[in-house]
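The values are calculated or read from the model by the stated rules, or taken from the named source; none is laboratory data. Keep in mind that what you see is a predicted model, and the values were worked out from it rather than measured. Note that each Cβ is placed from the backbone with ideal geometry, even for glycine, and that neighbours are counted across all protein chains shown.
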Amino acid sequence: MKRISMLLLAIPLFLLVLSGCQKEVEAPKTADSSTESIGKLIQASSLELSLADVPNAANSGQGPSNPLAFARSNAKFSILTVALARTGLLNTLMKLDQDYTLFAPTDEAFQAAGLSATAVTQLPKDALSAILLYHVVGAKVPASAVPAAAGVTTLNGKQIYVRKNANGVFVNLAQVTLADVMAKNGVVHVINQVLMPPTKTIVETAVGNPAFSTLVQAVLRASTGSTNVAGILSGPGAFTVFAPTNAGFEAEGITPAVISGIAPDGLTPILGYHVIGSPVFSIDLVNGMMPTMLLSGKTTITLNGGAKIKGNGNSTASNIVATDIICTNGIIHVIDRVLLP
């Protein structure tokens, strides 16, 4: 999947209301405990012995008092333990002077990302630390406090995108499989994927791809008007951008010459019609949903025969041809037509 982007405009942030959801959110299972620090819980979880293996271990001194409260056959954290220990973050998560939230990938999640225990010992420490810090929030965030859709800043300094939908609770594309493992200094949520921190903003991603030169031209021209679109989408936010390719502009008869002839403020409503003010990944899309865009009303999502999005002024729906390009201030989905209000 190509890394693409969009620079559009951002105004007051609206949370996306997912419509067409017929199922209620099914909360992940939870575990109640608070006798150990997060660091000790993760370290204990890498041991073979658990309460599931030895029912009286907590009282007999034969094992940890709370090894994440579920059997090792369901999840293991030996790779996470190695990675945290190598970077010194395991000791940080053992301290009790601050609360943390750790989104903890299982061994299976690390292996799926190509990160074995050997691989994490060979990564440069700075790179490994950047990945691990992207899994930690410097506050206690229980599942009940997870927003419908929002960006949350991690100790890495980059945002993760957390939300609840009809399929469960998600962090970026990772699903929370066990929530609210309470520790003395915070909470652990188990996830099924490793989170990789983004390095570029929406603007930087778009400018770096020649297939989006027409989009970049439109955004830069609009930014000379009353709204600095490029400046806003280079700054803080948790936007979702549906980014048309050069061919997508041509499909609607919008060439670079046409853009040059449109007043800057005339481009703003069109560009704003490609942006949602909250994080919406492909797994959040529901057939028939009508997300509210940042300026010009709603679009319509259909999933039959492939994911599509249609503007009120379009005679043909746009195919969503690439999805889930994660940026430091939002998510990009690539489309093959311009959306018209």
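Structural remarks
- Restricted to strands (runs of 3 or more DSSP E) entirely inside region 231-336, those with at least 2 residues that are over 21 Å from ASN209 (Cβ atoms) are 300-302, 308-310.
- Conditions (1) in contact with a Leu (Cβ under 9 Å, 6 or more places away or on another chain); (2) surrounded by fewer than 18 Cβ atoms within 10 Å (Cβ to Cβ); (3) farther than 30 Å from VAL141 by Cβ: number failed by GLY208: (1)
- Listed conditions (1) crowded, with 23+ Cβ neighbours inside 10 Å; (2) modelled with pLDDT under 95; (3) part of a helix (DSSP H, G or I) are all met by LEU215, apart from (2).
- Options ILE270, ILE254, ILE332, ILE309: the member that is under 18 Å from THR201 (Cβ atoms), of a type outside the set (Gly, Ala, Ser) and in contact (Cβ under 8 Å) with a residue 60 or more places away in the chain: ILE332
- Answer from ALA117, ALA75, ALA83, ALA145 - the residue that is hydrophobic (A, V, I, L, M, F, W, C), in contact with a Phe, Trp or Tyr (Cβ under 9 Å, 6 or more places away or on another chain) and either surrounded by fewer than 19 Cβ atoms within 10 Å (Cβ to Cβ) or modelled with pLDDT under 95 (or both): ALA117
- Exactly one residue out of VAL162, VAL137 is at pLDDT 95 or above and either in the same structural domain as SER45 (by TED's automatic domain parsing) or acidic (Asp, Glu) (or both): that is VAL137.
- Taking the criterion of being over 15 Å from THR268 (Cβ atoms), among the small types (Gly, Ala, Ser) and either without any contact (Cβ under 8 Å) to a residue 40 or more places away in the chain or surrounded by fewer than 20 Cβ atoms within 10 Å (Cβ to Cβ) (or both), the residues of region 218-251 that qualify are SER234, GLY235, ALA247, ALA251.
- Entirely in region 67-173, the strands (runs of 3 or more DSSP E) that have 3 or more residues that are of a type in the set (A, V, I, L, M) and more than 16 Å from the chain's Cα centre (by Cα): none
- Verdict on THR300 being touching a Lys or Arg at 6+ places or on another chain (Cβ under 7 Å), within 30 Å of SER226 (Cβ to Cβ) and β-branched (Val, Ile, Thr): yes
- Region 288-305, residues that are of a type outside the set (Ser, Thr, Tyr) and either modelled with pLDDT of 95 or more or within 19 Å of GLY272 (Cα to Cα) (or both): GLY288, MET289, MET290, PRO291, MET293, LEU294, LEU295, GLY297, LYS298, ILE301, LEU303
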